[in-house]
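Structure record follows, encoded as C-alpha cells.
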Amino acid sequence: MKDPHKLIKIELQGTEAAKQALREWATKATGATGEAMLGEMQDTMKESQDECPYDYENLHEDGTPHLRDTAKSQLFIWEPGQIVVYGSYTTPYAVYVHEILEYHHLYPTKAKYLEDPATRKAGVLLENVKQKLINEGVIS
C-alpha cells in the first residue's frame, strides 16, 4: 500500500515586502481618515460658532477672548487605527453657557451650541469621511 501523505513544500517570497506595504497603507489610511474626521469636526465647530452666544455687552477690552472666539478642534493619532478628534471651547465658563438652558441668548445663539451641530452632523459623518477617502484614492 502506498503512503497517502505527500509532502508539499511551498516557499513564499516577498512576504516582508507585502507586510511593509500593508503597514504603509495602514499608516496612510489612518492619517487620511484622521484628516477627514478633523475636517468634519472643523465644519461642526464653524456651525457651532454661529449658534454660540456672543457677549455684545462686554467688549472684552481686557484682552480675554469672547467664548465664540475660543473654538478649537484638534486631531491626535497615536498609531494606525487610533484616532482621536475633538472640538471644544477653551474658556472656563463654556460648559455653563452650554448646559444652563435658562440663560437668555439672542437668536440665533443658544445653549447647546456645540451639542446640536454635532448631533446634526452625526448622521452623515461616516459617509462624508468615506467619500473623502474615496476622493483621495485611499479606498475604493
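A few points about this structure:
- In segment 57-104, residue surrounded by the fewest Cβ atoms within 10 Å (Cβ to Cβ) [restricted to those that are under 25 Å from L125 (Cβ atoms) and among the small types (G, A, S)]: G81
- Among residues that are touching a helix residue (DSSP H, G or I) at 6+ places or on another chain (Cβ under 8 Å), surrounded by 15 or more Cβ atoms within 10 Å (Cβ to Cβ) and among the basic types (K, R), K132 is included.
- Hey, Q82 closer than 30 Å to L22 by Cβ and of a type in the set (S, T, N, Q) or not: yes
- Tabulated pairs, segment 53-67, first farther than 15 Å from Y96 by Cβ and in contact (Cβ under 8 Å) with a residue 40 or more places away in the chain, second of a type outside the set (A, V, I, L, M, F, W, C) and part of a helix (DSSP H, G or I), C-beta under 6 angstrom, 6+ apart or interchain: Y54/R68
- Test: residue in segment 37-45 that is surrounded by 10 or more Cβ atoms within 10 Å (Cβ to Cβ) and touching a Lys or Arg at 6+ places or on another chain (Cβ under 6 Å): yes
- Evaluation of Y54 against (1) more than 31 Å from the chain's Cα centre (by Cα); (2) surrounded by 10 or more Cβ atoms within 10 Å (Cβ to Cβ) (one fails), failing number: (1)
Quick note: the coordinates plus some simple rules give every number you see, no bench work behind them. Bear in mind that the values here come from a model prediction, so they are computed numbers and not experimental data. Cβ atoms come from the backbone with ideal geometry, glycine included; neighbour counts cover every protein chain shown.
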